[in-house]
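Here is the structure we will look at.
Please treat every number below as a calculation from the coordinates, not as lab data. These numbers come from a predicted model, not from an experiment. Methodologically, a virtual Cβ is constructed for each residue, glycine included, from the backbone with ideal geometry; neighbour enumeration extends over all protein chains shown.
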Amino acid sequence: MLTSCRGETRSDPVATIERAEVLVSSPGRNFVTLRITTSDGVSGLGDATLNGRELAVASYLQDHLAPLLIGRDPARIEDTWQYLYRGAYWRRGPVTMTAIAAVDVALWDIKGKVAGLPVYQLLGGRSRDGVMVYCHASGTDVPSLLADVDAYREKGFLAIRAQAAVPGLSGSYGVRKGKLYEPAATALPDEQAWNTEAYLDFAPTYLAKVREHLGFGVHLLHDVHHRLTPIEAARFGKSVEDLRLFWMEDPTPAENQDAFRLIRQHTTTPIATGEVLSSIWDVQQLITEQLIDYVRTTVVHAGGITHLRRIFDLAALYQVRTGSHGATDLSPVSTAAAVSLDLTVPNFGIQEHMGHTPETLEVFRGSPVLKDGMLYPSEEPGLGVTYDDEVAARYPYDPKYLPVARRLDGSVHDW
Ligand code: KDG
Ligand code: MG
């Protein structure tokens, strides 16, 4: 029996949360996964991966949230969200919001299994048949980039992000070395050189070649990865206007939301931001003042389905569309949760999809299905993804850091 603060009694929930396990493994790359199991034996999964800071979230979950979950009613998703967010006293931040997201997504997974419905049905059902995704084409030079663009085109993608290595700079972000792009590749941060002028001279020229090669029938995207000041971003956006980019992503760091106003005043190139932001407050001004066109907050780093839906709903009021982050460091559990929400919201824009290694897909089975440039959800109850403990045991945690960027004079820049 539960007793409220006014002394009233409420009836016991049918099932309670019995176990909350934090699973850390590295099948192809590091993932932190939360598995919540109820007294009825129903389990749900939540992704808790924060690239390069994985164990901080694992500890937050293990040491601070798991003890609070035991005995709670798994059906009370919103109440649990509020309890964990407001109850912490300390607000926002990627570690907190990723940990809360994992709990939230695991509870939606459980709710779907209990109801016998896929999570997207619980969110209101389909607004569209499938979810358009964009893939990542890259190259160490323009010919290899164009060849990569062709390969993705042949696979049926409707939207392609293009990145080429800036001549003379080591390790440009966004350029793949192996089969999948993986920036967190070293045991200590790799330090990479950055030169804004070289980038600003080069990027518009190769994007023009990609557009000429592709024509206008395929969406073309580009990630600036927080590298420019607002006035540099304005210049960049203006210089590529004729190429009709779907978006320029993260043109400048977004801690100062007001900074986007200056970019907006100068260019009609659409702007996307939000992959490193973790709450509705971090994007509030960007949305309500229409300083961006696409909000890229994700289910895993922005408080789960419950909070991301709140962000998307706010965005819908201002004609800002969604474009969630979906790099390899978001596990297949996040892909499934993202697709559930993308499928239902009225203001969906696009979903990033880099895919996962075969090792990752050996551990996480049942991801959404990719066909002709669109993702389709599983029709299994819940999110439809399972975690294989035995296979995961073959892939222990492998500490890896994201790189750090330095300007040519040696000072640290935004990576
Ligand atoms: O963990 C960081 C990566 O997810 C990020 O660098 C990839 O910018 C990225 C993107 O747009 O996918
Ligand atoms: Mg990005």
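In table form, for the structure just shown:
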item	result
Mean shadow area of region 2-118, taken as a quarter of the surface of its Cα convex hull (nm²)	8.0
Residues whose placed amide H lies under 5 Å from that of residue 136, excluding near-sequence neighbours	161
Cα gyration tensor, region 163-263 - rounded (a/c under 1.5), prolate or oblate	oblate
Highest-first arrangement of 16-29, 59-72, where packing means the average Cβ count within 10 Å	16-29, 59-72
Residues with amide H under 5 Å from that of residue 321, placed H, sequence gap 5 or more	294, 295
Within the chain, helix-based [θ] at 222 nm, where runs of 4 or more DSSP H residues each add -39,500 (n - 2.57), nearest 500	-10000 deg cm²/dmol
Packing rank of 174-182, 113-121, where each peptide gets the mean count of other beta carbons within 10 Å, highest leading	113-121, 174-182
Spacing of the two label points (7 Å from each Cα toward its C-beta) at residue 408 and residue 140, in nm	2.2
Highest-fluctuation residue, 265, 192, 290 considered, GNM on the chain with Cα pairs under 10 Å	265
Euclidean distance between Cα centres, region 42-114 to region 236-286, Å	30
Amide H contacts of residue 192 (H built 1.01 Å from N, under 5 Å, at least 5 apart or other chain)	404, 405, 406
Which listed pairs, of 155/400; 113/400; 113/371; 155/177; 155/238; 177/238, have C-alpha distances above 27 Å, in listed order	155/400; 113/400; 155/238; 177/238
Share of alpha-carbon pairs per 5 Å distance bin for region 122-381, given as whole %	1, 6, 13, 17, 20, 18, 14, 8, 2, 0, 0
Percentage of interatomic Cα-Cα distances in region 139-194 larger than 16 Å	49
³J(HN,Hα) computed for each position of region 225-234 - Karplus, 6.51 cos²θ - 1.76 cosθ + 1.60, integer Hz, glycine/proline x	6, 6, 8, 10, 7, x, 6, 5, 5, 4
Rounded to 5, the percent of DSSP beta bridges in the chain classed as antiparallel	50
Whether region 221-316 is rounded, prolate or oblate, judged on the alpha carbon gyration tensor where a/c under 1.5 counts as rounded	prolate
